[in-house]
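These notes are about the structure you will find just below.
Computed from the coordinates by the stated procedures, all read-outs in this text should not be read as laboratory data. Remember, predicted model here, so these are calculated numbers, not experimental data. Heads up, the Cβs are rebuilt from the backbone with ideal geometry, glycines too, and the neighbour counts pull from every protein chain shown.
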Amino acid sequence: MPETNFDKTEHEVVLTCKDLCKCYGGVVHASKHVDFDLRRGEVHAFLGENGAGKSTLMKMLYGIEQPDEGKIYINGKEIVLSSSAVAIANGIGMVHQELMLIPHLTVVENIILGQETKTKVGTLNLRAAHKEIKNLADAYGLEIDLNALVEKLSIGQRQRVEIIKLLYRKADILILDEPTALLTPQESDALFEVLRRLKEMGKSIIFITHKLREVYQIADRMTVIRSGKIVGVTTPQETNVAELAQMMVGKTVSGSRRTPHPIGSNIVLDVKNVNVLGFDNIKVVDDVSFSVRAGEVLGVAGIEGNGQTQLAQAILGLLKTKSGSIYLEGKEISRQSTKKIRKAGVGSIPDDRQGMGLILSMRIFENMVLNEYDEKPFAKNPVYEDWGCIKEYAREKIEDYSIATANESVYVSALSGGNQQKIVVARELTKDCKLLIAAQPTRGVDIASAYYIHSRILQAAEEGCAVVMISSDLDELIRVSDRIMVMFRGKVMGFVDGDAATREGLGRMMLGESDGESI
Amino acid sequence: MKKSRIKLSLFSLILALFLFSLAILATGRNPISAYWAIITGSFGTLKDFLNVLAYMLPLIMTGLGASVAFQSGVFNIGGEGQVLVGGLASVIVGLLVPFPAPWGYLFAMMVGFLTGALWAILPTLLAGRNLTSLSVATIMMNSIAALLTEYIVKQFFQREGASNTETVVVNEGSILPRFFPSTQFNYGIFVAIICVIIVTWFLYKTPFGFSLRAMGNNPKAVQQAGVSIYKRTLATMFISGGLFALAGSIQCLAIYKRFVMGFSPGYGWDGITVATLAGNSPVGVLLSAFLFGMLRSASINMNLSDQVTTEMISVLQGLIVVLVASPVVWTVLDNIFYQIKVRVLLLFTKKKGVEAK
């Protein structure tokens, strides 16, 4: 049961890390002498770029990884967190970025999984569990239909289920790993509301993020991490966004913003009444029509899973359309093979970089020619691939995009997320790229690389390339797009001008209210 | 091949030999004399050595077949069936077509290759690139191949008066010649070496080979790039099935000069083992096929010297594969070594105060 009477002024420390060190492969320091303490009843934000060492630290706190050096104290007692079971037993719970729920089970079933309440004869006692969870949820003000199937719930609701799951396991310290990554602004606000309540009830929360705005909304204190080291511990009152960004990145970075540039008159991509069916013949793309002109960046906003990915795949010929037509420079392409569509000048940055964009177990130069390996000059003839020429080409691209690597023969898996994504962008933005479909182009990419990728996309647009940019990062969309199209359940909710777009307006449209100014 | 992969195969081999020694000890024999028997059985006389090479030939072919498939990420485990149909097709050509010496066996082997290739295409047409379906379909094709070849031989080509299911001897011109009448070592070695060279060139120097390797590493990424996964899978199965089938052709045309039911003691399966130890590299296949040829040849010698039985050799083969295919073993060992190193280096002692609750 939740405790309510604790002394806030005391700053009682519930978790202390002393001098934590973790190396991988003996060389890379994922954590360097990290000292950190967590107080009862606070929301403590961990800020850092991708690869800064946030997740390593959290894995050590949750018992997934063991520190090479250093100690962890919980409520003053030293504890060796040898597994996540030990962490849970000691009151530490974690909500992972990918939610670990079983879609076909109900909320109650998901919550009790692994910790089932049994009746005297040993069968599952769902009724008792239901009652207990109901009390728990009410006490913390977490509204949820306990009998609903998880697959019917929104991402925000599922996250709530994960939180109840932790409370059911009597967690006092909750670690949330980038919880807002997949949420709309409105859902994020609801989550923060829940976190505030948990805080008041005496729970301590570690909130991992790289979004600065959120830190100011919710955090009591924040710790900034850079390359495995703690750069500083501060409070929202003591600092401002610019300072914080500089602490995170280590140097000043300036975002690249769209500058007014001429948009060509010729329509490059024209999508007319396209329908795509998914599993069970459900329309995943529902009567979508839009067009993109040369030099125009069309942003596509929407909560993930509302048809954006399928729309991109349909344009690329990876998914068959049920009806409707897609024209590339006036030529119908919806029945053509992916190969032909790609050859006609369509570049694609897929949303799943490691799953679809790159071959991690191959080298940089091999990845660089994935689209053109069978064309001259790379393939001299059908039985001779000119690896020398390919390496030369890869070196040029590495230079051009300032990809941080020792040479072109490094395995892609050894590169950071930002450098990996630069390879994809470098490969797709060739000279004859007429249309670029960029899905989540900067997801999991450090700030400096993200800005760089934006600048390259904008540069391509200025040179006359039409761009369709699908993103769940609204700031990115507003900064880069000329126009933003919002999708909801496969339908187009409306178009918003890039200059007129606001996070709140887009957020409402993403939830299905079509009150945006339609153009 | 990555350095780490070579290391993995070597360490697996060493560890397997160590564990095998324990197994020999457990049967009350001396492991050192068993290893000595393997070595003398392989290198003792020129004849022994040539026999090792003869045992190696079919394993090179099936090892190559498996390597091409695995490098492309296609799980062809129908190799055994492809060996059988390839062997039978070659023998039928050898029986029916009266070409003179080089053309007779060359033509017979070509038909063997094509038959095996088409036999491998069949389940692929049905299953596509759904890996589970393809695996199951190719496995079932093994049984079909075994029964079908038996039926065809019994029905149309059965040698009269023979107690086995077997054909008569093929035409003179279709017999793949041996170098010396007293050993089984034969002209198949040329086929094997040419195939190793072609497959190496194909996989590493041609655009098509690159696309297959890329597909093996990440099919979704090459699909994004516009490559048709289905067509590439068909092509892979064609090549792989043909290589498997050549193993059958060589054995039938050179060793038995006819089709004998059960001529393959599992070459198709051994091919998977050979490729696994070789890390799917064609050159590696040469080495690992030689090793397995040694073991197979030795198992016969060992039977004679009563050191270790043929079954024990299968245990060693199994150990090698299990170790190569068990990354967990190596992660654990790596971890142990690393922990020891860290502790020695830092002289660091950790208080073990694990709290249960």
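From the largest down, the range B:3-325 spans 58, 53, 32 angstrom on the principal axes of its Cα atoms.
Amide H contacts of A:SER361: none lie under 5 Å away among residues 5 or more positions distant or on a separate chain (H built 1.01 Å from N in the peptide plane; Pro and chain starts excluded). Over the protein assembly as shown, all Cα pairs binned in 10 Å intervals from 0 give whole-percent P(r) values of 2, 10, 16, 19, 19, 16, 10, 6, 2, 0, 0, listed from short to long.
Sorted largest first, the spans of the alpha carbon positions of chain A along the three principal axes are 70, 49, 48 Å. How many percent of Cα pairs in the range A:136-267 exceed 27 Å? Here the long-distance tail beyond 27 Å is 35 percent of all Cα pairs in the range A:136-267.
Provide A:CYS465, A:CYS433 in ascending order of the number of other Cβ atoms located within 10 Å of each residue's Cβ, fewest first.
Values: A:CYS465 22, A:CYS433 18.
Lowest count first: A:CYS433, A:CYS465.
Couplings 3J(HN,Hα) of the range B:13-29, computed from phi: 4, 5, 4, 4, 5, 5, 5, 5, 4, 4, 5, 5, 4, 4, 8, x, 10 Hz, in residue order, whole Hz [Karplus 6.51 cos²θ - 1.76 cosθ + 1.60, θ = phi - 60°; x for Gly and Pro]. Note on chain B: helix-only mean residue ellipticity at 222 nm, from DSSP H runs of 4+ residues weighted -39500 (n - 2.57) and normalised by residue number, equals -24500 deg cm²/dmol. Cα-based values for the range B:193-333, radius of gyration first and Dmax second, are 18.2, 59 Å.
Values of log10 I(q)/I(0) for the range B:76-186 across q = 0.10, 0.17, 0.19 Å⁻¹ run -0.36, -0.88, -1.00, by the Debye formula with one identical scatterer at each alpha carbon and no solvent. Couplings for the range B:332-342, taken from phi via the Karplus curve 6.51 cos²θ - 1.76 cosθ + 1.60 with θ = phi - 60°, read 5, 4, 4, 4, 4, 4, 5, 4, 4, 4, 4 Hz in order; Gly and Pro are left as x. Across B:ARG296, B:ARG213, B:ARG343, mean-square fluctuation computed from a Gaussian network of chain B (C-alpha pairs under 10 Å connected) peaks at B:ARG343.
With 10 Å bins beginning at zero, the pair-distance distribution over Cα atoms of the range A:363-519 amounts to 10, 33, 29, 17, 9, 1 %. The H on the amide N of A:ILE206, modeled in the peptide plane, is under 5 Å from the matching H of A:HIS44, A:LEU174, A:ILE175, A:LEU176, each at least 5 residues off or on a different chain.
Note: the range A:312-386, Cα convex hull, 115 Å³ per residue.
Backbone amide hydrogens, once placed in the peptide plane, bring A:LEU149 within less than 5 Å of nothing, excluding anything fewer than 5 places away on its chain.
Computed from backbone phi, the HN-Hα couplings of the range B:267-281 come to 4, x, 6, 4, x, 4, 4, 4, 5, 4, 5, 7, x, 6, 8 Hz, rounded to whole numbers (Karplus: 6.51 cos²θ - 1.76 cosθ + 1.60, θ = phi - 60°; Gly and Pro given as x).
Restricting to Cα pairs below 8 Å that are 6+ residues apart, what does the relative contact order work out to for chain B? Please round to a whole percent. It would help to have the intermediate numbers written out before the result.
Numbers: 583 pairs, mean separation 116.5, N = 357.
Relative contact order here is 33 percent.
For the range A:101-198, the list of trypsin sites (Lys or Arg not before Pro) that fall in a loop by DSSP and count at most 16 other C-beta atoms within 10 angstrom reads A:LYS120, A:ARG169, A:LYS170. The radius of gyration of the Cα set in the range A:100-186, together with its Dmax, comes out at 13.3, 47 angstrom. The C-alpha atoms of chain B define a longest principal axis, and helix B:101-127 lies at about 60 degrees to it. Projected over every direction and averaged, the convex hull enclosing the alpha-carbon atoms of the range A:265-325 yields 4.3 nm². Centroid-to-centroid, using Cα positions, the range A:285-351 and the range A:119-166 are 41 Å apart.
Where nothing but the Cβ of Lys and Arg (+1) and of Asp and Glu (-1) is charged, how large is the charge dipole of chain A around its Cα centre, in debye to the nearest 20? Each step should come with its number before you reach the end.
Working: 63 positive and 69 negative charges, 172 e Å.
In total the dipole reaches around 820 debye.
Cα convex hull, the range A:271-429: 145 Å³ per residue, rounded to a whole number.
Measure nothing fancy, just the Cα-based angle from helix B:131-152's long axis to the longest principal axis of chain B, in degrees from 0 to 90, nearest 10. It is inclined by approximately 30 degrees. All C-alpha to C-alpha distances of the range B:256-295, sorted into 10 Å bins beginning at zero, yield P(r) values of 30, 43, 24, 3 percent in whole numbers.
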